[in-house]
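Inspection log for the structure reproduced underneath, given as structure tokens.
The values are calculated or read from the model by the stated rules, or taken from the named source; none is laboratory data. Just so it is clear, the model here is predicted, and its values are computed rather than measured. All Cβ positions, glycine included, derive from the backbone under ideal geometry; neighbour counts span all protein chains shown.
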Amino acid sequence: MIDDIPGLRRILRGHKVIAVVGLSADWFRPSYFAAKYMQQHGYRIIPVNPRYSGQGDNTILGQRCYASLRDVPEPVDMVDVFRRSEDVLPIAQEAVAIGAKVLWQQLGVHNPQAVQVAEAAGLACVVDRCVKIEHARLFGGLGWVGVNTRVISAKRPL
């Protein structure tokens, strides 16, 4: 599991296509807020949620929504999971099947079996962390509002 600052920076710098599993179309949900933030910071967001994939214009944040990771017709770098911990194992198996490079389990989400499956297939794993919070913390977004990011350095991150 990746839990160190250089590892998190490496993931966030090198993996720009994020499939967000469990992304909600409701603007007040944490998944929507995090995905919108990442989209505004140059990441390609691919919504994955069977609830929205067959309805209306089936888009979230202006992007087509898919029922599962296997339905996504393009390469995915990172799978960001906004689901209950007990639901993550099949998502990890799909992430492996589509050739993703990272399995990211959001705050409060931790499935050790999913981590085992993903790491055995060579995926980097992040557990119980928010991709939006980590991006803001490591790339300067939180410091502007007076939050102590616990990342002290006189150097700008590369």
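Here is a yes/no grid of residues against (1) under 18 Å from GLU134 (Cβ atoms); (2) at pLDDT below 95; (3) of a type in the set (Lys, Arg); (4) assigned to a helix (DSSP H, G or I):
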{"residue": "ILE11", "(1), (2), (3), (4)": "yes, no, no, yes"}
{"residue": "ALA19", "(1), (2), (3), (4)": "yes, no, no, no"}
{"residue": "PHE28", "(1), (2), (3), (4)": "no, yes, no, no"}
{"residue": "ASP87", "(1), (2), (3), (4)": "no, no, no, yes"}
>> I'd like the full set of residues that are buried (at least 18 other Cβ atoms within 10 Å of the Cβ) and either more than 23 Å from HIS41 (Cα to Cα) or among the hydroxyl-bearing types (Ser, Thr, Tyr) (or both), limited to region 58-82.
In response: TYR66
> Applying the selection to region 115-134, what residues are more than 13 Å from ILE18 (Cβ to Cβ) and in contact with a strand residue (DSSP E or B) (Cβ under 7 Å, 6 or more places away or on another chain)?
Replying inline: VAL115, ALA118, GLU119, LEU123, ALA124, CYS125, VAL127, ASP128
> Does any residue in region 1-23 that is under 18 Å from ALA118 (Cα atoms) and touching a residue at least 60 places away in the same chain (Cβ under 8 Å) come within less than 8 Å, Cβ to Cβ, of a residue that is polar (S, T, N, Q) and in a loop (DSSP other than H, G, I, E, B) six or more places away or on a different chain, and which pairs are these?
Replying inline: VAL21/ASN49
>> I'm trying to understand the selection: among the residues of region 92-117, which are in a helix (DSSP H, G or I) and either aliphatic (A, V, I, L, M) or within 14 Å of ASP77 (Cα to Cα) (or both)?
In response: ALA92, GLU94, ALA95, VAL96, ALA97, ILE98, ALA114, VAL115, VAL117
> Restricting attention to region 39-57, and to residues there that are touching a Cys at 6+ places or on another chain (Cβ under 8 Å) and either among the aliphatic types (A, V, I, L, M) or assigned to a strand (DSSP E or B) (or both), which single residue is surrounded by the most Cβ atoms within 10 Å (Cβ to Cβ)?
Replying inline: VAL48
> Within region 118-136, can you find the residues that are more than 15 Å from ARG10 (Cβ to Cβ) and part of a helix (DSSP H, G or I)?
Replying inline: ALA118, GLU119, ALA120, LYS132, ILE133, ALA136
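When the residues of region 1-38 are narrowed to those that are of a type outside the set (A, V, I, L, M) and within 11 Å of the chain's Cα centre (by Cα), which ends up surrounded by the most Cβ atoms within 10 Å (Cβ to Cβ)?
Taking region 1-38 first, the residues of a type outside the set (A, V, I, L, M) are 3-4, 6-7, 9-10, 13-16, 22, 24, 26-33, 36-37.
Still in the running and within 11 Å of the chain's Cα centre (by Cα): 15-16, 22, 31.
Working: HIS15: 20, LYS16: 13, GLY22: 21, SER31: 23.
Restricting to residues being of a type outside the set (A, V, I, L, M) and within 11 Å of the chain's Cα centre (by Cα), the top hit is SER31.
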